[in-house]
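What follows is calculated from the coordinates using simple rules that are stated; it is not laboratory data. This structure is a prediction, so every number in the text was calculated from the model and none was measured. Note that each Cβ is placed from the backbone with ideal geometry, even for glycine, and that neighbours are counted across all protein chains shown.
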């Protein structure tokens, strides 16, 4: 996968470029077709944070890169609540620019930042994150943690419902006894205006592609999951779930523990 996100965030940090980062999105798998598929209005808001969304639908949305560089004072309440719940040895998964890891360091916590992007790993180290790992979460070996943390809809890296089950299996192996998994997600059913698809992939599994300086990443799938479906899968996989925070518009934060 081309590291378009890593390029955009590194350039922003070094003040080398004013180019915009865009996110293309679709409900249908673009990798199985010979042409770019039509974009559904239902995917308008995607995984873009609420404060960055446009009011009109379109084939792509701008993702302001500065959103990844928020300091502690600029983080929304949901994220601060999540950080306050962290304890013990913490793994910040999909850490990006390291903003949450830096906030946890400031709180005196033992946190390790994990990201698959070598560019973002270098960026985090330059920003002062002390412990950083460059690896795919699903391939991570060694070390066990008391808290696994994913913010900014980070659980979406599971891709789809089957991927979420794989994620939970891996998370169980990484957690120490009594450990916890903390993440936020969103129910995007309201985007369909009462017309949820009756066949095919789960409605919360969206395809995305980053675009920066006329270059595009590969398409990838990102998961948004409603509370009912999440609870069902967690129960089937042997996990308990506890609501922690509800920020409205179906965006919520949960704590999960393996039984």
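How much of the DSSP bridge set in the chain is antiparallel, in percent, rounded to the nearest 5?
Working: 29 of 45 bridges.
Antiparallel bridges make up about 65 percent of those DSSP assigns within the chain.
Within the stretch 123-164, find all residues whose amide N lies under 11 Å from a label point positioned 7 Å from the Cα of residue 228 along Cα-to-beta-carbon.
Residues passing the 11 Å test: none.
Quote to one decimal, in nm, the extra length available between residue 242 and residue 2 on full extension: 0.36 nm per residue of separation minus the C-alpha distance between them. Provide the component values of the computation, followed by the final result.
Numbers: separation 240, 0.36 × 240 = 86.40 nm, distance 3.65 nm.
Full-extension gain reported as 82.7 nm.
Put a dot 7 Å past each Cα toward the Cβ at residue 192 and residue 125; how far apart are the dots in nm?
With each label placed 7 Å out from Cα toward Cβ, I get 4.5 nm.
Using the beta-carbon distance between residue 257 and residue 215 and R0 = 41 Å, what value does 1/(1 + (r/R0)^6) give for FRET efficiency, to the nearest 0.05?
Numbers: r = 41 Å, r/R0 = 1.01.
Working from the Cβ atoms, E equals 0.50.
Once Rh is set to the Kirkwood radius over Cα pairs, what Stokes-Einstein translational diffusion coefficient, in µm²/s, holds for the stretch 56-120 at a temperature of 25 °C and a viscosity of 0.890 mPa s? Don't skip to the end; give the middle numbers.
Working: Rh = 13.1 Å.
Estimated via Stokes-Einstein, D reaches 187 µm²/s.
Determine, from the Cβ-Cβ distance of residue 199 and residue 60 and an R0 of 30 Å, the FRET efficiency 1/(1 + (r/R0)^6), rounded to the nearest 0.05.
On the way: r = 26 Å, r/R0 = 0.88.
E(calc), rounded to 0.05, equals 0.70.
Quickly work out the residue 135-to-residue 173 label distance, labels modelled 7 Å from Cα along the C-beta direction, and quote it in nm with one decimal.
Each label point lies 7 Å from its Cα, and together they span 1.0 nm.
What FRET efficiency comes out for the pair residue 250/residue 16, r = Cβ-Cβ distance, R0 = 30 Å, nearest 0.05? Display every interim value, and only then the final one.
On the way: r = 37 Å, r/R0 = 1.24.
Here the calculated transfer efficiency is 0.20.
Using just the Cα positions, wrap the chain in a convex hull and report its mean projected area in square nanometres, one decimal place. Numbers along the way, then the final one.
Details: hull surface 54.4 nm².
Projected over every direction and averaged, the Cα hull of the chain covers 13.6 nm².
Which value in nm describes the separation of the simple spin-label points at residue 87 and residue 74, placed 7 Å from the Cα toward the beta carbon?
3.2
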